[in-house]
Structure formats: structure tokens, C-alpha cells
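Visitor: One structure, pasted below without further comment.
The values are calculated or read from the model by the stated rules, or taken from the named source; none is laboratory data. Quantities reported herein were computed from a predicted structural model and do not represent experimental measurements. Cβ atoms come from the backbone with ideal geometry, glycine included; neighbour counts cover every protein chain shown. In case anyone asks, the SASA skips ligands and DNA or RNA and just uses the protein heavy atoms, side chains included. Shrake-Rupley method; radii C 1.70, N 1.55, O 1.52, S 1.80 Å.
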There are 2 protein chains.
Amino acid sequence: MQTPDGEVLERDYKLYDLGNIVLQSGKTLENAQIAYKTYGTLKDDKSNVIVYPTWFTGFISDNEWLIGDNMALDPNKYFIIVVAAFGNSQSTSPSNTGLGPNFPNITLYDNVVNQYRLVTELFGITSIELVVGWSMGAQQTFQWACLYPDMVKRIAPMCGSSKTAQNNFVFLEGVKYPLLNSVDFHDGHYTSKPYKGLQSVARVYSGWGFSQPFYNVEEWKKLGFNSLEEFEKGFWENFFYKRDPNNLLCMLWTWQHADLSSNPVYNNDQRLALASIKAKAYVMPCNYDLYFTPDVNQMEVSQMPNAEFVEIISIWGHFAADGLNPVDTQFVDEKLKELLSISV
Amino acid sequence: MQTPDGEVLERDYKLYDLGNIVLQSGKTLENAQIAYKTYGTLKDDKSNVIVYPTWFTGFISDNEWLIGDNMALDPNKYFIIVVAAFGNSQSTSPSNTGLGPNFPNITLYDNVVNQYRLVTELFGITSIELVVGWSMGAQQTFQWACLYPDMVKRIAPMCGSSKTAQNNFVFLEGVKYPLLNSVDFHDGHYTSKPYKGLQSVARVYSGWGFSQPFYNVEEWKKLGFNSLEEFEKGFWENFFYKRDPNNLLCMLWTWQHADLSSNPVYNNDQRLALASIKAKAYVMPCNYDLYFTPDVNQMEVSQMPNAEFVEIISIWGHFAADGLNPVDTQFVDEKLKELLSISV
């Protein structure tokens with residue numbers, strides 16, 4: 001439970017102690033913890049595991065729209081572990097360590113190798129039915145599949161790529177600078193929440209998160225807003241006001257530099273990393289996603305031995321796979337059911 | 001001639017005195033002036049006129065790439081009048097009146113009815129062979145054609161729409177807020193140039209001005225840059241550092257609220273305004289334009305009695321019609337030659 005200011009009122013997730021971990025940068029993150037929450041019951045033979053990482057800015061609870069009775073991610077059937085990325089305010093983050101702007105850079109690899117520790121050390125799991133994630137969660141999904149090809153049976157990266165494309169990096173520069181240059185950011189040493197900076201982030205993100213026709217047909221009315229300005233404030237500003245700016249910048253760095261092959265295993269060989277993925281994959285972009293564009297996923301699918309390109313056709317753009325639009329949610333859920341039904 | 005700070009070193013354009021003008025808002029702009037520059041010689045019968053308004057942030061000289069010997073806009077043949085929109089720093093603007101953030105809102109209509117005064121009162125022109133413009137210049141082009149249907153024989157609006165679509169408005173909110181909320185904007189009462197705010201604007205614009213594949217194939221290398229960061233600084237930041245922030249906000253308001261029918265002639269009836277355009281029109285979007293999207297132009301063309309949809313196919317996106325890419329410039333120039341050759 002979080003207040004609009006992001007304050008944790010009641011913790012409904014658990015923390016796994018990693019101890020001091022050495023990051024890819026060579027820096028040590030002391031007393032690192034991964035926040036996670038599980039849904040359902042782990043079978044005795046541990047054969048019903050789904051791993052579901054969080055996205056950029058996403059809290060664990062933000063993943064719950066895809067979990068439910070009679071859905072693909074049915075807790076009556078599966079043991080679903082939602083794992084929080086570093087910097088999300090629940091796992092070790094700038095905001096909960098006091099490190100603020102001095103928090104070290106976290107890579108995609110740093111996130112996933114430590115999620116692997118949680119999954120294996122704590123639960124003793126050796127096989128995963130599905131890794132699924134949206135956006136930066138999709139990037140972690142790709143990373144899981146190539147680092148642990150014999151463990152991950154299926155993946156469904158939604159609206160995300162295995163490596164951040166340059167257009168995507170550029171979009172994020174346009175998110176970052178307005179925050180860095182805002183009147184209340186104070187180089188990350190703010191003592192109260194920099195609402196002006198977060199407002200700028202919100203207004204920039206607004207144009208990117210959904211598609212052009214989403215606005216032109218005023219699709220936001222389906223979310224209960226009566227005017228564009230009400231939507232900008234009620235959806236976008238409210239969304240970012242809940243976030244901590246240094247946390248945003250931590251995760252933004254991870255996203256900008258995400259590359260499934262930028263690690264000791266694959267040495268920046270993206271083709272090799274993609275070719276090493278054994279999992280049956282449904283790679284699911286949205287046709288109207290403005291930053292994780294489908295052409296990048298098409299290239300990836302062509303390099304993966306067991307992947308299908310499954311496009312979400314929706315003017316909700318990047319947010320098609322965030323549970324906001326029932327039509328898209330139904331499509332995604334059906335495709336995940338289909339994927340889970342395939343014998344691997 | 002302008003320094004990187006936008007200071008005018010040498011004025012190579014003329015000013016037309018409009019006197020005190022009453023704007024659509026009801027406010028009076030005192031001692032208003034339109035900056036203009038002409039190329040070529042006006043024939044005795046005044047039958048060789050082309051009008052070419054400037055774009056958002058554009059100086060008069062920024063239009064010159066489309067004018068030249070043996071080009072469609074050949075000054076040996078035509079009398080080309082480049083007219084500067086209010087707020088561009090050359091026509092009456094926040095920066096040259098001392099009004100700064102108190103400058104009144106300027107509409108598309110305010111711009112064009114006063115450009116009409118320049119063209120008719122100063123030159124006695126009654127017929128125009130072509131009105132052409134890019135981006136916000138295209139919006140003025142549409143406005144010219146419906147306000148003066150018996151005067152304007154041809155139009156070529158490039159990468160611009162007759163009415164600003166909501167997605168476009170939202171994109172501009174993402175340009176505006178980072179400036180308003182920047183550490184050095186001071187509510188428009190800055191005493192030195194707010195480079196931080198302009199840097200944010202530059203970084204936001206970067207993702208929108210060109211297309212996703214433009215970045216992904218590193219097309220910016222064709223502009224002589226060796227790294228993305230060099231391009232961000234050398235192209236985008238340098239671009240906006242030349243601009244005055246209050247001028248930007250003035251023109252941004254004009255753009256956000258642009259609607260060819262929002263005036264006493266058409267009373268917000270866009271269909272009627274479009275249907276009233278008699279000019280032979282080549283409506284020329286770029287297929288990869290991320291804010292002036294081609295679908296909007298297709299709708300417009302369907303409402304106009306004498307219009308053709310002429311798409312520029314280019315990963316240069318919105319900037320395809322800004323003279324930066326020789327291939328696109330050649331395409332545009334050929335299409336303008338074709339349009340000018342059609343008897344009207």
C-alpha cells in the first residue's frame with residue numbers, strides 16, 4: 001500500500017537478503033534486498049513456477065492485473081513470483097538506502113542474476129514454466145531466458161526488447177533532462193518531493209506512453225476522465241507523483257543501457273544471446289508502441305530458435321500490456337494461456 | 001545574421017508596420033510589425049508571387065534552403081515573400097517588445113490576416129501562385145487558402161495540418177512543461193538565457209523531430225556527427241540555444257491552438273473551411289512524422305475539393321521537409337515544380 005507520495009503504509013511483500021553484492025560496475029551494493037510477492041502454492045515437485053519481474057517505476061502491486069482466477073496466471077494452478085527490479089522503491093533503491101543520487105548503476109544483468117538467487121536459493125526452484133514481463137519487465141524476461149536457457153521453458157516479453165534501441169534511448173533522454181534541470185530537483189538532494197520535475201516527466205511521458213490515435217479519438221475517456229487536462233493530471237501526474245525521482249533515474253539508467261548480451265556470458269554478442277534462448281517465446285509488441293517499436297522485436301524473433309511474433313493490435317500503444325484496457329488484457333491473457341498450453 | 005544566442009547582428013530582412021492591431025483575443029498588439037524578405041522581382045502584372053511563412057522557432061533565413069536557381073522556388077522566375085510569424089524574434093515577439101511572458105496569445109488567424117495586409121497593402125498583390133510552408137508554416141498555408149480562396153491558386157502544406165490534432169497538442173505539453181519548470185526559467189522573467197530549460201526542450205524534441213529508424217540506423221551521421229551525444233548537443237541543443245524561451249512559448253501556444261476554422265469566417269466549422277479551399281493543393285506529410293501524422297492529412301484531403309495527398313517517404317520524419325536531407329529536398333522540389341506547372 002502506498003500513499004500518493006509513495007510512502008509505504010503497509011508492506012504486503014517480502015524481502016530476500018542478498019547480502020553485499022558486487023555489481024557489474026565493480027561497485028558493491030551493501031545489504032542488498034529483493035522485494036517479491038508470491039501468489040498461489042508451490043507444488044511439491046516445484047513444477048508450476050512463473051516469474052514476473054516489475055517494470056520501470058512499477059511497484060509489485062502494479063503487476064497484479066495479470067494474475068487471477070481463471071486467467072493464464074491463475075494462482076490456483078501456478079506459483080507466481082513477482083520480483084521487483086532494483087530501484088523500484090521496494091527492492092534496494094536510492095530511496096530506501098539513503099544513497100539517493102549516489103546509488104550505483106544497476107544493469108539488466110545485475111537485476112536478473114540476483115532474481116535467480118532468490119528463485120533458486122530461497123525456493124530451490126530448478127525449472128520455470130514461464131517468465132513474463134512488460135516493458136522493462138520484458139527486458140528482464142529476455143535476460144532470464146538467455147542466462148538460464150535450460151531452466152526457462154517459456155517466455156512472453158510484452159512491449160519490450162532484448163536491447164534498448166537508440167530511438168528508445170533518445171526518448172529517455174527527453175524524460176531524464178527535464179527532471180535533472182527542474183527547479184526542485186537540486187541534483188538529487190531534494191528534501192521534499194520535486195513535484196515540478198515530476199510534472200515535467202509526466203507531461204513528456206504522456207505523448208509517448210499511448211499512441212497518436214489514442215489521443216485523437218479521446219480513448220482516455222474510457223479511463224473515466226472528462227477532459228484531456230483531467231487525464232494529464234489524474235493519470236500522468238498522479239502516476240509520477242507517486243515515484244521518487246532518484247529511483248526513476250536509477251531505473252532509467254538500467255533501461256537505457258539494457259542489453260541482454262552485455263555481460264560476461266555473452267560479451268555483447270546480441271545474436272549469440274538471442275540464439276541461445278531455448279524457451280518457447282511469444283514476443284508481444286504493440287503495433288502502436290512508440291518507443292519499443294515492433295520492428296526491433298521482429299528482428300529478435302528472427303534470431304531466436306523457438307519464437308513467435310505475436311502483435312497486440314491496439315491504439316493503447318505501449319500501455320496496451322499494462323492492464324488498463326480490457327480488450328488488450330483479454331488478448332494478452334488468451335495468448336499466455338495458449339503459450340502455457342504448449343508442451344515444452 | 002544571428003549569434004548562437006539569437007542576437008541579431010545584421011538585419012537582412014525588412015519590417016512592415018501594421019500599427020496597433022486588435023488580436024482575436026481582443027487584446028491590442030501595439031506597433032505591430034511583420035518581418036519579411038523577398039527573393040526575385042515582382043512582375044509588373046504581379047503574376048509571379050509565392051508566399052512562404054516561417055515555422056515554429058524558424059527565422060526567415062531558415063526558409064532559404066527551398067529557394068534557388070533552377071529550383072521550384074526560383075527567384076529568377078518568382079517573387080517569393082518569406083513572411084515571419086509573430087513570435088519568431090523578427091516579427092513582433094516577446095523578445096523584441098519587452099513584453100516577455102506578458103505577450104498576448106497569437107492565433108493562426110492573427111498571423112495570416114496580418115500577412116495578408118503586408119501582401120496586399122505593401123505590394124498590391126491580388127493573386128498568389130503558391131503558398132508553401134513547413135510545419136507551423138503549413139498551418140499558415142492552410143489558413144491562407146481558406147481565408148482567401150479566390151486569391152490563392154495553389155498550396156503545398158508540408159508536414160503540417162489545418163488543425164492541431166490532440167496527439168500533437170500533447171507532444172507540445174511535453175515541450176512546454178520542462179521549460180516552465182526548469183531551474184532557470186523564472187516564470188519567463190529570466191535575465192540571462194535559461195540554457196537548462198532550453199536543454200530540456202532540446203532533449204525532448206530530439207525524440208520527436210526525427211523517426212525511430214532515423215536513430216536506429218544512425219542517420220544523423222549524414223549530418224556530420226560522430227556520436228549520438230554529439231548530435232544531441234551539436235544539432236538539438238545548439239538549435240534551441242539560439243531561441244528565446246518566451247518566443248518559443250508564444251509560438252507554441254499558436255501551434256497548440258491552431259485551427260483554420262477558429263475565426264469569424266468559419267466559426268469552428270473545419271469541414272466548411274476545408275471545403276472552401278479552391279487552391280490546387282499538394283498536401284505533403286512525411287510517412288514517419290511522429291506528431292503531424294499523415295492520417296490527419298488524408299482526412300483533410302478528403303474534404304478539400306482540389307487536393308492530392310503527396311506523401312514524403314522518409315525516415316527523417318518531421319524534418320524531412322526542412323532541407324536537411326538532399327534526397328527529401330529533391331523530392332519536395334520536384335513535387336513543387338509539378339504543382340506549379342499545373343494550370344489553375
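Visitor: Run the label-point distances for A:SER341 please: 7 Å along Cα to Cβ, every other copy, nanometres, shortest first.
Guide: Taking the point 7 Å beyond Cα along Cα→Cβ, the inter-copy spacings are 6.0 nm.
Visitor: Of all the residues in chain B, which one has the C-beta that comes nearest the axis relating B to A, and what is the distance in Å?
Guide: B:PRO178, 2
Visitor: What order, most packed first, do the peptides A:42-50, B:229-237, B:152-160 have when packing is the mean number of other Cβ atoms within 10 Å of each residue?
Guide: In decreasing order of mean packing, A:42-50, B:229-237, B:152-160 become B:152-160, B:229-237, A:42-50.
Visitor: Mind listing the phi-derived Karplus ³J(HN,Hα) values for region B:127-137, rounded to whole Hz, using 6.51, -1.76 and 1.60 with θ = phi - 60°, and x for any glycine or proline?
Guide: Result, rounded to whole Hz: 9, 10, 5, 7, 10, 9, x, 10, 6, 5, x.
Visitor: Let me ask you something else. Quick check on chain B: helices-only [θ] at 222 nm, where DSSP H runs of length 4 and up contribute -39,500 (n - 2.57) each and the sum goes over total residues. Nearest 500, please.
Guide: Calculated mean residue ellipticity at 222 nm is -9500 deg cm²/dmol.
Visitor: Using only alpha-carbon positions, what ratio does the radius of gyration of chain A give when scaled by 2.2 N^0.38 Å?
Guide: 0.93
Visitor: Can you tell me, using C-alpha contacts under 8 Å and at least 6 residues apart, the relative contact order of region A:149-234 as a whole percent?
Guide: Relative contact order, region A:149-234: 19 percent.
Visitor: A further question follows. From the label point of A:GLN166, set 7 Å from Cα along Cα→Cβ, how far away are the matching label points in the other copies, in nm, ordered shortest to longest?
Guide: From this label point to the equivalent ones elsewhere in the assembly: 3.4 nm.
Visitor: Let me ask something else about it. Over chain B, what is the mean sequence separation of C-alpha contacts under 8 Å (at least six apart), divided by residue count, expressed as relative contact order in percent?
Guide: Across chain B, relative contact order equals 19 percent.
Visitor: Between region A:38-109 and region A:202-265, how far is it from one alpha carbon centroid to the other, in angstrom?
Guide: 19
Visitor: In terms of the ratio Rg/(2.2 N^0.38 Å) built on C-alpha atoms, what value belongs to region B:147-259?
Guide: In units of the globular-protein estimate, region B:147-259 measures up at 1.25.
Visitor: Across bins of 10 angstrom width beginning at 0, how are the C-alpha pair distances of region B:26-68 distributed, in whole percent?
Guide: Per 10 Å bin, starting at zero, the Cα-Cα P(r) for region B:26-68 comes out as 19, 41, 29, 11, 0 percent.
Visitor: Still on this structure: Can you run phi through the Karplus equation (6.51, -1.76, 1.60; θ = phi - 60°) for region A:204-211 and list ³J(HN,Hα) in whole Hz, with x for Gly and Pro?
Guide: 5, 4, 3, x, 8, x, 10, 8
Visitor: Something else about it: Taking each pair of different alpha-carbon atoms in the protein assembly as shown once, compute 1/r for the pair, average those values, and report the inverse of that mean as the Kirkwood hydrodynamic radius in Å to one decimal.
Guide: 26.8
Visitor: Residue-wise, which Karplus ³J(HN,Hα) couplings in Hz belong to region A:296-309, taking 6.51 cos²θ - 1.76 cosθ + 1.60, θ = phi - 60°, and x for glycine or proline?
Guide: Each residue's phi maps through the Karplus curve to give 5, 5, 4, 4, 4, 4, 5, 9, 9, x, 9, 10, 10, 8 Hz.
Visitor: Still on this structure, I have one more. How high is the relative contact order of region B:1-129, in percent, with contacts defined as C-alpha pairs under 8 Å that are six or more residues apart?
Guide: Result for region B:1-129 is 26 percent.
Visitor: Between A:ASN297, A:ASN287, A:LEU339, whose Cα lies farthest towards the positive end of the dipole of region A:246-344 when Lys and Arg beta carbons carry +1 and Asp and Glu beta carbons carry -1, centred on the Cα centre?
Guide: A:LEU339
Visitor: Using a probe of 1.4 angstrom, how much of the accessible area of chain B is carbon and sulfur, in percent?
Guide: 48
Visitor: Let me ask something else about it. So if each residue of separation counts as 0.36 nm, and I subtract the Cα-Cα distance between B:LEU272 and B:GLN256, what length gain in nm does that give?
Guide: Between B:LEU272 and B:GLN256, full extension yields 3.7 nm more.
Visitor: When you look at the Cβ of every residue in A:209-215, what mean number of other chain Cβ atoms sits within 10 Å?
Guide: 5
Visitor: Regarding region B:37-194, what's the average projected area of the Cα-atom convex hull, expressed in nm²?
Guide: Mean projected area of the Cα convex hull: 10.1 nm².
Visitor: How would you order A:51-64, A:199-212, A:89-102, B:65-78 from highest to lowest mean count of nearby Cβ atoms within 10 Å?
Guide: A:199-212, A:51-64, A:89-102, B:65-78
Visitor: While we're on this one: For peptide A:193-201, how many partner chain Cβ atoms fall within 10 Å of a residue's Cβ, on average?
Guide: 4
Visitor: Provide the net charge surrounding A:LYS278, with neighbours chosen by a C-beta distance below 13 Å and charges set as Lys +1, Arg +1, Asp -1, Glu -1.
Guide: Once all neighbours under 13 Å are counted, the net charge is +2.
Visitor: Same structure again: Rank these residues by their accessible area, most exposed first, probe 1.4 Å: B:TYR39, B:TYR241.
Guide: Ranked list, largest accessible area first: B:TYR241, B:TYR39.
Visitor: Here's another thing I want to ask about it. Can you bin region B:80-168 into rounded, prolate or oblate? Criterion: square roots of the alpha carbon gyration tensor eigenvalues sorted a ≥ b ≥ c, rounded for a/c under 1.5, prolate for a/b above b/c, oblate for the rest.
Guide: Oblate, because a/c is 1.5 or more while a/b does not exceed b/c.
Visitor: In addition: Can you work out D for region A:190-344 in µm² s⁻¹ from Stokes-Einstein, where Rh is the Kirkwood radius over C-alpha pairs, the temperature is 37 °C and the viscosity is 0.692 mPa s?
Guide: 184
Visitor: Once the label point is set 7 Å along the Cα-to-beta-carbon vector, what list of distances in nm do you get between B:ASP17 and its counterparts in the other copies?
Guide: Sorted ascending, the copy-to-copy spacings read 8.3 nm.
Visitor: Would you mind giving the mean number of other chain beta-carbons within 10 Å of the Cβ of each residue in B:38-50, as a whole number?
Guide: The mean count of partner-chain Cβ atoms within 10 Å per residue comes to 0.
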